[in-house]
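Here the structure comes first, spelled out in structure tokens, and everything after it is commentary.
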Amino acid sequence: MKKSIQIGRWAAVITLLAATALPCPAADTAVLRNGFSIRHERRQVIGAITRLYVDGDDSSFVDVPTSEIDHFEAAPAEQVQTNLAPQPNLQASEERAQQPLDLNEVVNAASGTYRLDPDLVSSVIRAESGFNVRAVSPKGAQGLMQLMPQTASQLGVQNPFDPQANVEGGTRYLRELLERYDFDLVKALAAYNAGPQRVEQYGGVPPYYETKAYVARIVRDFNRKKLAAKAAAQPPAQPPVQKSSANKPAATHVPATTPHKPSPQTQAKANSTPVPQTAQ
């Protein structure tokens, strides 16, 4: 009898721990109040934060305020199957994410593909992630150019933590926004930060401090790079060349002459000439 009671207590403890960790038997999707969704393998409640583990080995996770989560739902079956048997492209993406990175080459390649200034793309990366490949924002944006899961999926980015795939997707998205707003850089950057729907709602930069500071930071950094490049391209000022006096020919003395004085008639005539009137 005592043994059965003890087993019952252990079962209660295990049940309590399971409720705290909230493991997912299969991949789930957390639907946020802002409309975005985050697919994850399991989740854990930590105080006011829900930690969503986006891969099976718990190496990547997203911390989301629990109050921002509307509900959870099961991920589609094809998404679960993709995780159980990764495709070759996804495996190659994971391998690239583990290799040494030459970010300049990645930025130059993506900028060339989508005809953007590499300095602009680099300024966006600086503002978005500080060049942190594994950066994750509180809202769930991931990687160098901080792609939201839904945006990354629409852009065909399977692994947002793959630097090459992330920068290519983010650069493509920035190009699409520039075309959408007739290459108005300020509106495009505001839409990249706050979403196109907010830019169209307010007819420009939304009245959010975060978005205004974000746009100003990128424009300032981009202009600084352009000014530095312009200064570096200008040739250094050359000092004036001084000619040696030893090679100068000897000065020729010119006798002074008496200045010619006009006759009074000529002077008067010249003074009396009327000034032609300008047509009104």
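The values are calculated or read from the model by the stated rules, or taken from the named source; none is laboratory data. What you see is a predicted model; the values in this text were computed from it and never measured. Every residue, glycine as well, gets a Cβ built from its backbone with ideal geometry; the counts of neighbours run over all protein chains shown.
Within region 143-165, count every residue that is farther than 17 Å from Val121 by Cβ and either in contact (Cβ under 8 Å) with a residue 60 or more places away in the chain or in a loop (DSSP other than H, G, I, E, B) (or both).
Going through region 143-165 one residue at a time, the tally reaches 7.
Residues of region 205-223 being assigned to a loop (DSSP other than H, G, I, E, B) and surrounded by fewer than 14 Cβ atoms within 10 Å (Cβ to Cβ), which ones?
So the first thing to find is which residues in region 205-223 are assigned to a loop (DSSP other than H, G, I, E, B), and the list is 205-208.
Across region 205-223, the qualifying residue is only Pro207.
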Seminar exercise, completed: The lone condition Thr171 fails out of (1) closer than 21 Å to Val199 by Cα; (2) surrounded by fewer than 24 Cβ atoms within 10 Å (Cβ to Cβ) is (2)
For this session: Look through Ala48, Ala85, Ala75 and report the one residue that is farther than 17 Å from Gln158 by Cβ and either at pLDDT below 65 or among the aliphatic types (A, V, I, L, M) (or both).
Result: Ala48
